[in-house]
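For reference, the structure discussed in these notes is given below.
The values are calculated or read from the model by the stated rules, or taken from the named source; none is laboratory data. Note that this is a predicted model, so its numbers are computed, not measured. Counting neighbours? That spans all protein chains shown, and the Cβs are built from the backbone with ideal geometry, glycine included. These area figures cover heavy atoms from the full protein model, side chains too; ligands, DNA and RNA do not enter into them. Shrake-Rupley method; radii C 1.70, N 1.55, O 1.52, S 1.80 Å.
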Amino acid sequence: MAEKISVAVLGATGSVGQRFIQLLQGHPWFAVNELVASDRSSGQRYADVTDWRVSDSIPESARDMPVKGLSDPLESTIVFSSLPGGIALEVENRLAGEGKSVFTNASDNRMVPDVPLMIPEVNPDHASLINTQRKNRGWDKGLIVANPNCSTIHLILALKPIWDAFGIELAMTTTLQAVSGAGYPGVPSLDMIDNIVPYIGGEEEKIESETLKIFGSLNGGEISPAPVKVSAQCTRVPVRDGHTESVSLKLGKQASIDEVIDAFATFSGRPQELGLPSAPAHPVVVRSQADRPQPVLDRDAENGMASIVGRVRECPIFDVKFMVLGHNTIRGAAGASILNAELLVKEGYIS
Ligand code: NAP
């Protein structure tokens, strides 16, 4: 790509916003040119208002950038949004209406019927919903694409190879989610140390509904939800980064455990085929050791862009059960948006 595409990050001072800035450093196609946060931060130097938590120091390129406010005009072609839910919808719709390509992490737009909820390895065909979106809204070049909730994406990356090979009738999961999933400073330390919180507001509903949309089929500009039943229970555990999920599945047809493991290990999708810059070589990584995956050891596999499965075994109630782990602010958020944007650039939706 001769000239890099200019990018703005909304919510740039937060947990996910910081990941965007870290992951986009030195990106071959994208250059971060605008940072946006709340009135608390706007008008100030990025380094002065950001409690940087994702690495040892703020990238030089971002350090001195002025932070813009939500109402300031933006020049960038691509907007990566990590705004809180509730605020995101109106801002993202306005920017897409102005011709920007908006990639959002917030939940507001995920279940809107004409917004693709995309994982490039799973449902890249849903990108064509953008044509319906543009038609519905009278946009000639703007667009909005959402990536799923940070637990949904790792569940689905693990389910996809099985879905394709054997079908899935029922999926049941219990999550053990990291504290960084609640942003910074997030859950108070006195609620987390020595504890597990068995409730994350709205999270179970998100996993259950988003899964049906992502596996749904696109016909005539509409997505029909997939005919699978999903049940989720979500907990917050005292882990810094990396959501773990215990999963049990009833398959559409019989499969041996070796066949299931083989499906995981050999899985690859459109980003791998296209050689997208942020694509992991292996979107699903299989750990064979009895005590893996573990957040501390496995969350950074494939630069945080993979879902790591382990403990694959027979389930005496359903057919198969396993654990899956993935990084919540990388593949669960910023990395997912960046991969979506790379796919849409490669496929000609962004000029
Ligand atoms: P966070 O750490 O609390 O950061 C929130 C960001 O939004 C900050 O930059 C903040 O700016 C900005 N902001 C807050 N209120 C604003 C307002 N009224 N106007 C403009 N900017 C405002 O949250 P986060 O964890 O990064 O999450 C961001 C979004 O990503 C949420 O929608 C969340 O659900 C989603 N998400 C998070 C994760 C995760 O693992 N953390 C994963 C997937 C999706 P100031 O610093 O100026 O206040």
Item to check | Normalised alpha carbon radius of gyration of the stretch 142-263 [divisor 2.2 N^0.38 Å] | outcome: 1.19
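Considering every pair of different Cα atoms, what Kirkwood radius, in Å, is found for the chain? Intermediate results must be reported in sequence, preceding the final value.
On the way: mean 1/r = 0.0491 Å⁻¹.
Computed over the chain, the radius equals 20.4 Å.
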Checklist outcome for this item: Glu314 neighbourhood, Cβ < 14 Å, K/R = +1, D/E = -1, net charge +1
Next on the checklist: Output the 0 to 90 degree angle, nearest 10, between the alpha-carbon long axis of helix 15-24 and the longest principal axis computed from the alpha carbons of the chain.
Outcome noted: 80
Checklist outcome for this item: Rounded to whole Å², per residue accessible area for the stretch 150-327 with a 1.4 Å probe reads 46
Checklist outcome for this item: Longest principal axis of the chain (C-alpha) makes with the long axis of helix 335-346 (C-alpha) an angle, in degrees to the nearest 10, of 70
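Can you compute the helix-only [θ] at 222 nm over the chain? Use -39500 (n - 2.57) per DSSP H run of at least 4 residues, normalise by all residues, nearest 500 deg cm²/dmol. Please list the in-between numbers first.
Details: 12 runs with 101 residues, N = 351.
The helix contribution divided over the chain gives -8000 deg cm²/dmol.
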Checklist entry - Straight-line reach from Lys253: which aspartates and glutamates have Cα under 18 Å away, leaving out those fewer than 8 places along the same chain? => result Asp164, Glu169, Asp262, Glu314, Asp319
Checklist entry - Each label point is 7 Å from the Cα along the Cα-to-Cβ direction; what then is the distance between the points at Ser38 and Ser61, in nm? => result 2.8
Checklist entry - With axes computed from alpha carbons, what is the tilt in degrees of helix 203-214 against the longest principal axis of the chain, rounded to the nearest 10 within 0 to 90? => result 90
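On the protein heavy atoms, probe 1.4 angstrom, tell me the percent of accessible surface of the chain carried by carbon and sulfur. Provide the component values of the computation, followed by the final result.
Working: 7210 of 14670 Å².
Summing carbon and sulfur atoms, their accessible area is 49 percent of the total for the chain.
Solvent-accessible area per residue for the stretch 16-88 at a 1.4 Å probe radius, Å²?
On the way: 3390 Å² over 73 residues.
About 46 Å² of surface per residue is accessible.
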Item to check | For the stretch 207-351, the spread of Cα positions along each principal axis, largest first, Å | outcome: 50, 36, 30
Checklist entry - At what distance in angstrom do the alpha carbon centres of the stretch 42-94 and the stretch 162-195 lie from each other? => result 26
Checklist entry - trypsin sites (Lys or Arg not before Pro) within the stretch 212-289: which are DSSP loop residues with at most 16 other Cβ atoms inside 10 Å? => result Arg240, Lys253
